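Only one structure is covered here, and it is reproduced in the block below.
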Amino acid sequence: MSVQDQPDDSAAAPVDFQVLRGAASEEEFGALIAVLSEAFTAEEAEAVAAEPRVSAWTRTQRPLRRPLRRDIPWGRFSG
């Protein structure tokens, strides 16, 4: 038995639930979806990405020289 749940307002891929043993009713699937949705919402609200810290050294650092241009041949070795 499998049930697919697709939210109306998002373009997310459908979720596929499969019962491997026994038989689950529609009420049990509804309860499972409600619990997982609430857990996902709570986890998403608490998730915080760490801001990358930029040191003063990195901010004031500049390259020592311009990068070499490899497309320009030099000297008599250019062939």
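The values are calculated or read from the model by the stated rules, or taken from the named source; none is laboratory data. Please read these numbers as outputs of a predicted model, since none were measured by experiment. We work out accessible area using only protein heavy atoms, side chains counted, and drop any ligands, DNA or RNA first. Shrake-Rupley method; radii C 1.70, N 1.55, O 1.52, S 1.80 Å.
Conditions (1) β-branched (Val, Ile, Thr); (2) open to solvent by 100 Å² or more (accessible area, probe 1.4 Å); (3) at pLDDT 85 or above, marked per residue:
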residue: Ser2; (1), (2), (3): no, no, no
residue: Gly30; (1), (2), (3): no, no, yes
residue: Ala42; (1), (2), (3): no, no, yes
residue: Trp57; (1), (2), (3): no, yes, no
residue: Phe77; (1), (2), (3): no, yes, no
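What are the residues in the stretch 11-62 that are of a type in the set (Asp, Glu) and assigned to a helix (DSSP H, G or I), if any?
Glu26, Glu27, Glu28, Glu38, Glu43, Glu44, Glu46
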